[in-house]
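Here is the structure we will look at.
The values are calculated or read from the model by the stated rules, or taken from the named source; none is laboratory data. Model, not experiment: these values are computed from the prediction. All Cβ positions, even for glycine, are placed from backbone atoms using ideal geometry, and neighbour counts span all protein chains on display.
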């Protein structure tokens, strides 16, 4: 799997973990792109765990997470 596909898959999985309860296509598209950019800019471990990355994202994006509670 190439890096772009891996990041896209991870970004989708993180979004689903954090914001999966929302039914807003525009928010999803925007937020998945933000997560993708965040992953791309970071130093991603090859053994990245989605749950751990989702926890990191919750800290990184605390304002939007708080505004959209599960």
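Quick rundown of the values:
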| item | result |
| --- | --- |
| Failed condition for residue 22, given (1) surrounded by 15 or more Cβ atoms within 10 Å (Cβ to Cβ); (2) not in a helix (DSSP H, G or I) | (1) |
| Count of the stretch 25-55 residues which are exposed (fewer than 14 other Cβ atoms within 10 Å of the Cβ) and either in contact with a helix residue (DSSP H, G or I) (Cβ under 9 Å, 6 or more places away or on another chain) or under 21 Å from residue 4 (Cβ atoms) (or both) | 13 |
| Residue identified as surrounded by fewer than 10 Cβ atoms within 10 Å (Cβ to Cβ) and part of a helix (DSSP H, G or I) among 4, 59 | 59 |
| Residue 11 modelled with pLDDT of 95 or more, surrounded by 10 or more Cβ atoms within 10 Å (Cβ to Cβ) and out of contact with any helix residue (DSSP H, G or I) (no Cβ under 9 Å at 6 or more places or on another chain) | no |
| Hits in the stretch 56-70 (condition: touching a residue at least 24 places away in the same chain (Cβ under 8 Å) and farther than 21 Å from residue 3 by Cβ) | 58, 61, 64, 65, 68, 70 |
| Residue in the stretch 28-51 that is farthest from residue 70 (Cα to Cα), counting only those that are assigned to a helix (DSSP H, G or I) and without any contact (Cβ under 8 Å) to a residue 12 or more places away in the chain | 41 |
